[in-house]
Amino acid sequence: NGDETKVMNAMEAFNKAVDLGDSDAMYFVGVQYLSQEKDEVTGYQLLCRAAHEYNHGPALHHLALLNLQDGEKDEFRGLLTKAADAGNPDSLFLQGYCYYHGEDGYELDVLAALDNFFAAAENFEHVEAMVSAGAILHQGVFSPQGSVIIQRDQRRAFELYQQAGELGSIEGWRNVVACYAMGEGVKKDIDMAKHIAKTMLK
């Protein structure tokens, strides 16, 4: 039928782009093959080509996740680091998460986590990274001996939550409501907390 013809024509156009060395097309076609289990070997090869020949961030990220599924943590970390260095926002966020929790081959490092969250938030408007950076700044981070590792900055945390909320994050708005209700990072305003909860969290 007509829809099948359109899909076939689109895939033909993408395959021509692959032949011309378009790394975005390699990534797209590779993911399609893998997700439909149509031709997993070709799909994997296309992802590898986009990742290793063209340093394609999303392809590197996808390969990193495939390696994590297979329990290959060293390979996961190497690919995720390359994807983050290539400026892939999801990779920056995930690397920050791994640093924060000290898991999947990453040593615990809250400063590196915050750097990754900020890179994803400020350069790519990654809302989960905004909320995560805000959460770190909201509480601050202290050593077991009580020395400051990351200074608490509730005003900046509030701004990050609000920015995330304005970009569509429900978690961001929840935290804005909590800040107004508790007077943390912003002047306490129960009416404002109720208003935001009623309008943004319905």
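Of all the residues in the range 49-61, those that are open to solvent by 80 Å² or more (accessible area, probe 1.4 Å) and on the phi < 0 side of the Ramachandran plot number 3.
Rundown of residues vs (1) modelled with pLDDT of 95 or more; (2) under 24 Å from residue 172 (Cβ atoms); (3) open to solvent by less than 50 Å² (accessible area, probe 1.4 Å); (4) of a type in the set (Lys, Arg), yes/no style:
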{"position": "31", "(1), (2), (3), (4)": "no, no, yes, no"}
{"position": "40", "(1), (2), (3), (4)": "no, no, no, no"}
{"position": "46", "(1), (2), (3), (4)": "no, no, yes, no"}
{"position": "90", "(1), (2), (3), (4)": "yes, yes, no, no"}
{"position": "95", "(1), (2), (3), (4)": "yes, yes, yes, no"}
{"position": "111", "(1), (2), (3), (4)": "yes, yes, no, no"}
{"position": "125", "(1), (2), (3), (4)": "yes, yes, no, no"}
{"position": "132", "(1), (2), (3), (4)": "yes, yes, yes, no"}
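Among the residues of the range 134-144, the one identified as out of contact with any strand residue (DSSP E or B) (no Cβ under 9 Å at 6 or more places or on another chain) and modelled with pLDDT under 95 is 144. Residues that are aliphatic (A, V, I, L, M) and under 19 Å from the mean Cα position of the chain (by Cα) within the range 6-46 comprise just one, 31.
Residue 21 falls short on exactly one of the conditions (1) part of a helix (DSSP H, G or I); (2) of a type outside the set (A, V, I, L, M, F, W, C); (3) surrounded by fewer than 17 Cβ atoms within 10 Å (Cβ to Cβ), and that condition is (1). Identify, from the list 73, 82, the residue that is over 25 Å from residue 25 (Cβ atoms) and open to solvent by 40 Å² or more (accessible area, probe 1.4 Å). Within the list 73, 82, the selection yields 73. So for the range 62-70 (the condition being open to solvent by 60 Å² or more (accessible area, probe 1.4 Å), more than 26 Å from residue 125 (Cβ to Cβ), free of Cβ contacts under 8 Å to residues at least 40 places away in the same chain and not small (Gly, Ala, Ser)), does at least one residue qualify? Yes: one or more hits. Close Cβ contacts (under 7 Å, 6 or more residues apart or on different chains) running from residues in the range 95-118 that are free of Cβ contacts under 8 Å to residues at least 24 places away in the same chain to residues that are aromatic (Phe, Trp, Tyr) comprise 98/106; 99/106; 109/99; 112/99; 113/99; 113/100. Residues of the range 143-191 that are of a type in the set (A, V, I, L, M, F, W, C), assigned to a helix (DSSP H, G or I) and open to solvent by less than 70 Å² (accessible area, probe 1.4 Å): 157, 158, 160, 164, 173, 176, 177, 178, 179, 181.
Every residue in the range 136-153 that is hydrophobic (A, V, I, L, M, F, W, C), closer than 25 Å to residue 166 by Cβ and out of contact with any Leu (no Cβ under 9 Å at 6 or more places or on another chain), please. If the condition is that a residue be hydrophobic (A, V, I, L, M, F, W, C), closer than 25 Å to residue 166 by Cβ and out of contact with any Leu (no Cβ under 9 Å at 6 or more places or on another chain), then no residue fits.
The values are calculated or read from the model by the stated rules, or taken from the named source; none is laboratory data. All figures in this text were calculated on a predicted structure; none of them were measured in a lab. Note: ideal-geometry Cβ built from the backbone for every residue, glycine included; neighbour counts use all protein chains shown. With ligands, DNA and RNA removed, areas are computed over all heavy atoms of the protein, side chains included. Shrake-Rupley method; radii C 1.70, N 1.55, O 1.52, S 1.80 Å.
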